[in-house]
Amino acid sequence: MLDFPTWKKIWLWGLTLIAAAAALPTLLASTNIDIPDFLPQPTVNLGLDLAGGSHILLEADPAQVAAQRLENMEETVRTTLRGSVPENRIRIGDVSTANGELSFMVDNPADVDRARELLLPVMNGTGLVREWDLRVEDGQQMILAPTGDGLDTAVDQAMETAIEVIRRRIDSLGTREPTIIRQGDTRIVVQVPGLDDPDQLKALLGQTAQLEFKMVDQSALPSDVQQGIAPLGSEIFPYAESSQFAGTSVAVRRLGGIRGDSLINAQQSFDPQTNEPVVSITFDQQGGQRFAQLSTQNVGRLFAIILDGNVLSTPVFNEPILGGKAQISGGFTTETANNLAISLRSGALPVDLSVIEERTVGPDLGADSIRKGMLAMLIGSAAVIALMIASYGRFGVYATIALVFNVMILLGIMAGLNTTLTLPGIAGFVLTIGAAVDANVLINERIREERKRGRRVVAAVENGYKEASRAIYDANITNFIAGVLLFMFGTGPVRGFAVVLVIGLFTSVFTAVVLTRMWVAGWLRNARPNDLSL
Amino acid sequence: MRLLKLVPDDTNIKFLKLRIPFFVVSLLLIAASWAAVFTQGLNYGVDFAGGQEIRATFVGEAEAPVAELRQTVSALEVVEDPVIQRFGEPNQVSIRVKLPAEAEGQPEFAAMMTEQITAAMRDGHPEVRIDGVDSVSGKVSGEFRNDAALALVAAMLAVAIYIWIRFEWQFGAGALFALFHDVSLTLGMFAIFQLEFSLQIIAAILAIIGYSLNDTIVVYDRIRENLKKFRKMDLTDLLDLSVNETLARTVMTSLTLFVALLPLLIFGPASLFGLVAAITLGLFIGTYSSVYMAAPILIWLGVTSDSFVPQESAADLQEKKARGLT
């Protein structure tokens, strides 16, 4: 047990010094001492609770994705069954999207088989999973039901797109290093360090920016519309709060509109006539063609510009708009117009996201916490060291040196693994300092006991390490179990606590057991003491 | 140099003589803790109750105008029953408000509340600095509550199973009971004193589950050793001997942890106070329970020296017996 060949010593010292050196960039970060650039410089990241910043948890509603998908399917079915030539058209009616299924009656039962043939290709997406199930009831009612797999894929894609859109939006704010990660099936965590004003961020994330152009149903009776009764084939949308008609609603044709998701640019600008802030948009080629078509077919009619389910304004197509450019007005301020421009540029969110958790920490508080935490840690370490040296003399000194290496190695490993130090993580450091010397206490007490039973020095030390290690390993393994559960349970700051505790268990066993044994063995060999003052 | 010995050599304290009264008191304390948890309830922070917490510093002022804030903030229409208290320095406050039902899933509403409360504070105190805002929806806080309960139960069972594997089932059960005692009393303290109960406290209790077992394991390890060594000794005497032999360790390991934590409790950042206080509290409860819960329960569960007779020799014995009979 006490035999340390040279290769083992070199190995242990090498490991210790490399790991401890990895802590240097973090420790020297606040000083003027520079580390040469050619050396790797791992540093520990500071969590939002120490660095300041915003943590926002967003959640999507999968039902919305499903509804959207159903609506798209309805359009697809209508286009597909219409066919390219009028005589091939399959007439359908009684279209319903109730219960999450799309059902319709085929006017002529003889067309059902042909409809099935036509619809089969659109029911399967690009992947291998079957996205829709088709069944026929009562001979002429066709029902398209989304499969679970298909819906999962759709939600999955929507979330991936949402993350991309969020990233583009946050990048446009010019903030540094945002963290955007998917959590579970329908959630996204957004962490932005050092942001003073999270309100603009939230305004950007809260905006779906689903822009639609739909024709106003001018045949609808205004009294019906205000009561929420829509004519067949139309639906009611409220005016946006910023609009001059806020509080009233308008009926628009459900189908036949176009979506504003094919934009290549969106800029805040001012209307040349009214000097009101507006958003100028430029469609891509395809979108421009569709917009030109819509405006050409509907000259003189009113159309509604709908953003996230609210009507911004209802201008008239005075003439066909062929250049693929348009202007959106709707009672904007410069700021809201600018936010909308950013949102439109970065693309629409495929699904609404709501903020279900938000934590913001100002930058001053974090610096204060670090200072106070460091002070407490230094005093605590000094107290532990004093207690250990007073109780165990030379063996206490070994424990102390091990403790210093422990803190360095722990910090070094955290830097190397690029983990995050949070405020509870500081408490984790203090806890590790207090608990790391426990192993030395157990070992030293056991050596003391073995001496009292009359064993000679070397045998007592050897037995001390051997007999104490059972309890040391058991204790560390139970701590490890609790630490892993803490890691699994915790989010954010609490997880930072678990990280420190768990890594600290490994480093403290290494320093308090392995390193001190090497030092004690070296001393015993050189000094050959006849008695231990312990 | 004379070394410090906090525990004299060769103590012979009859710890287990008083095991029944201590055990009864502990059981009563556990019962009282749960009674407090169920009647008074835990003072959930925003993590578990949902709602909004705003922390602010009144820069340049000696003291935060808590009384004034109670009036101005309560007068706001969007706010009902705000909890306003000093937090950390004398000029720092925390304001906790519930999110009304209509705010669920409506981020604008929460943002508007923050804005109005901030405005109310700034009114007359333009130098107010907002240090942090936490907004947690009812959905998320509900999940936190479930996950927390699950994590606590899972951690206790997992470590108890480990002890069972490493020792014997009686030791696993004893450890589990000692942990249950520690967790119950910690929860009870939080209920009785209505200290804010947050995610950090759960982290603290999970840490306690790990660390409180350290002492228990040291005592158990010695009991196992002594059971093998003194086959004929009376169990109560053997447990007493084991506790006494490891007393110096129990005291020293708890003490090192305590002196490390104490400065953090006194000088540390205010937002860590709950976490550190809970761990410190758990440290004392845990040390007590490893002596007075974990050890005596072995008597009642009927641990004997035979528990640690090597399996082979027991089998050999049986074989010999069987041969003798035939």
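Under 9 Å by Cβ, and 6 or more places apart or on different chains, what pairs join a residue from the range B:154-172 that is in contact (Cβ under 8 Å) with a residue 60 or more places away in the chain with one that is surrounded by 16 or more Cβ atoms within 10 Å (Cβ to Cβ) and not in a helix (DSSP H, G or I)?
Partner pairs satisfying both residue conditions: B:Glu168/B:Val303; B:Gln170/B:Val303; B:Phe171/B:Val303.
Is it true that A:Ala383 is part of a helix (DSSP H, G or I), closer than 25 Å to B:Leu262 by Cα and in contact with a Pro (Cβ under 6 Å, 6 or more places away or on another chain)?
Considered against the rule, which asks whether it is part of a helix (DSSP H, G or I), closer than 25 Å to B:Leu262 by Cα and in contact with a Pro (Cβ under 6 Å, 6 or more places away or on another chain), A:Ala383 comes out as no.
Can you give me the number of residues within the range A:79-108 that are part of a helix (DSSP H, G or I) and more than 16 Å from A:Leu134 (Cβ to Cβ)?
6
One line per residue, one yes/no per condition, for (1) modelled with pLDDT of 90 or more; (2) in contact with a helix residue (DSSP H, G or I) (Cβ under 9 Å, 6 or more places away or on another chain):
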| position | (1), (2) |
| --- | --- |
| A:Glu449 | yes, yes |
| A:Arg456 | yes, no |
| A:Gly492 | no, yes |
| A:Val499 | yes, yes |
| A:Thr507 | yes, yes |
| A:Met518 | yes, yes |
| A:Pro529 | no, yes |
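Do any residues in the range B:46-64 that are without any contact (Cβ under 8 Å) to a residue 40 or more places away in the chain have Cβ atoms under 6 Å from those of residues that are surrounded by 23 or more Cβ atoms within 10 Å (Cβ to Cβ), where the two are at least six apart or on different chains, and which pairs are they?
Taking only residues 6 or more apart or on different chains, the pairs are B:Ala64/B:Val93.
What about A:Ser343, is it more than 13 Å from every other protein chain (Cβ to nearest Cβ), among the hydroxyl-bearing types (Ser, Thr, Tyr) and either surrounded by fewer than 23 Cβ atoms within 10 Å (Cβ to Cβ) or assigned to a helix (DSSP H, G or I) (or both)?
It is true that A:Ser343 is more than 13 Å from every other protein chain (Cβ to nearest Cβ), among the hydroxyl-bearing types (Ser, Thr, Tyr) and either surrounded by fewer than 23 Cβ atoms within 10 Å (Cβ to Cβ) or assigned to a helix (DSSP H, G or I) (or both).
Report those helices (runs of 4 or more DSSP H) wholly inside the range A:5-52 carrying at least 3 residues which are under 25 Å from A:Ile401 (Cβ atoms).
In the range A:5-52, A:6-21, A:24-28 are the helices (runs of 4 or more DSSP H) which contain 3 or more residues that are under 25 Å from A:Ile401 (Cβ atoms).
For A:Arg176, work out the one condition from (1) more than 25 Å from A:Pro493 (Cβ to Cβ); (2) modelled with pLDDT under 80 it doesn't fulfil.
Only one criterion is unmet by A:Arg176, namely (1).
Look through A:Gly434, A:Gly464, A:Gly425 and report the one residue that is in contact with a Lys or Arg (Cβ under 7 Å, 6 or more places away or on another chain) and crowded, with 23+ Cβ neighbours inside 10 Å.
Of A:Gly434, A:Gly464, A:Gly425, the one residue that is in contact with a Lys or Arg (Cβ under 7 Å, 6 or more places away or on another chain) and crowded, with 23+ Cβ neighbours inside 10 Å is A:Gly464.
In the range B:162-184, how many residues are more than 14 Å from chain A (Cβ to nearest Cβ) and crowded, with 22+ Cβ neighbours inside 10 Å?
Of the residues in that region, 1 qualify.
Out of B:Ile209, B:Ile205, B:Ile217, which single residue is buried (at least 24 other Cβ atoms within 10 Å of the Cβ) and more than 30 Å from B:Ser141 (Cα to Cα)?
B:Ile217
Are any residues in the range B:216-252 of a type in the set (D, E, K, R), part of a helix (DSSP H, G or I), more than 16 Å from A:Ala475 (Cβ to Cβ) and without any contact (Cβ under 8 Å) to a residue 24 or more places away in the chain, and if so, which ones?
B:Lys229, B:Asp237, B:Glu245
Does at least one position in the range B:272-281 carry a residue that is touching a helix residue (DSSP H, G or I) at 6+ places or on another chain (Cβ under 6 Å), outside any helix (DSSP H, G or I) and at the interface with another protein chain (Cβ under 10 Å from one of its Cβ atoms)?
no
Specify the residue that is surrounded by the most Cβ atoms within 10 Å (Cβ to Cβ); the eligible residues are those in the range A:451-461 that are without any contact (Cβ under 8 Å) to a residue 24 or more places away in the chain and within 12 Å of chain B (Cβ to nearest Cβ).
A:Lys452
Restricting to the range A:408-426, what's the tally of residues that are closer than 27 Å to A:Ile18 by Cβ and within 12 Å of chain B (Cβ to nearest Cβ)?
Of the residues in that region, 3 qualify.
Under the condition of being among the aliphatic types (A, V, I, L, M) and touching a Ser or Thr at 6+ places or on another chain (Cβ under 8 Å), which residue from the range A:506-534 is nearest to A:Tyr473 (Cα to Cα)?
The extreme case among them is A:Val513.
Looking only at strands (runs of 3 or more DSSP E) that fall completely inside the range A:205-265, which ones have 2 or more residues that are under 33 Å from the mean Cα position of the chain (by Cα)?
Passing ranges, in order: A:211-215, A:234-238.
Identify, from the list A:Thr516, A:Thr491, A:Thr511, the residue that is surrounded by fewer than 19 Cβ atoms within 10 Å (Cβ to Cβ) and out of contact with any Leu (no Cβ under 6 Å at 6 or more places or on another chain).
That would be A:Thr491, the only listed residue that is surrounded by fewer than 19 Cβ atoms within 10 Å (Cβ to Cβ) and out of contact with any Leu (no Cβ under 6 Å at 6 or more places or on another chain).
Go through the range A:242-261 residue by residue and tally those that are surrounded by fewer than 17 Cβ atoms within 10 Å (Cβ to Cβ) and touching a Phe, Trp or Tyr at 6+ places or on another chain (Cβ under 6 Å).
3
Give the number of residues within the range A:351-377 that are within 8 Å of chain B (Cβ to nearest Cβ) and either among the basic types (Lys, Arg) or not in a strand (DSSP E or B) (or both).
11
I'd like the full set of residues that are of a type in the set (Val, Ile, Thr), facing chain A (nearest Cβ under 7 Å) and within 30 Å of B:Asp215 (Cβ to Cβ), limited to the range B:132-161.
Passing the criteria: only B:Val159.
So if I check each of A:Phe395, A:Phe405, which one is within 14 Å of chain B (Cβ to nearest Cβ), under 30 Å from A:Ala22 (Cα atoms), in a helix (DSSP H, G or I) and not aliphatic (A, V, I, L, M)?
None of the other options fit; the residue is A:Phe395.
Give me the pairs: first residue in the range A:356-382 and closer than 11 Å to A:Ile426 by Cα, second residue polar (S, T, N, Q) and surrounded by 22 or more Cβ atoms within 10 Å (Cβ to Cβ), beta-carbon distance under 7 Å, and six or more apart or on different chains, which are they?
Correct list of pairs: A:Ser369/B:Ser271.
Return a yes/no flag: does the range A:472-480 have any residue that is aromatic (Phe, Trp, Tyr), closer than 23 Å to A:Lys8 by Cβ and assigned to a helix (DSSP H, G or I).
yes
Residues that are among the aliphatic types (A, V, I, L, M), part of a helix (DSSP H, G or I) and crowded, with 19+ Cβ neighbours inside 10 Å: does the range B:49-61 have at least one?
Checked against the condition, which is being among the aliphatic types (A, V, I, L, M), part of a helix (DSSP H, G or I) and crowded, with 19+ Cβ neighbours inside 10 Å, the range B:49-61 yields at least one hit.
Conditions tested, residue by residue: (1) touching a Pro at 6+ places or on another chain (Cβ under 9 Å); (2) hydroxyl-bearing (Ser, Thr, Tyr); (3) farther than 27 Å from A:Ser354 by Cα.
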site	(1), (2), (3)
A:Asn72	no, no, no
A:Arg82	no, no, yes
A:Asn88	no, no, yes
A:Ser96	no, yes, yes
A:Gly100	yes, no, no
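Mind counting the residues in the range A:340-388 that are modelled with pLDDT under 85 and touching a Phe, Trp or Tyr at 6+ places or on another chain (Cβ under 9 Å)?
Residues flagged as modelled with pLDDT under 85 and touching a Phe, Trp or Tyr at 6+ places or on another chain (Cβ under 9 Å) within the range A:340-388 amount to 1.
Select from the range B:189-215 the residues that are in a helix (DSSP H, G or I), in contact with a Phe, Trp or Tyr (Cβ under 7 Å, 6 or more places away or on another chain) and more than 9 Å from every other protein chain (Cβ to nearest Cβ) and list them in ascending order.
Scanning the range B:189-215 gives B:Phe190, B:Ile201.
The values are calculated or read from the model by the stated rules, or taken from the named source; none is laboratory data. Please read all numbers here as calculations on a predicted model, not as lab measurements. Here the Cβ is made from the backbone with ideal geometry for all residues, glycine too, and neighbour counts use every protein chain on show.
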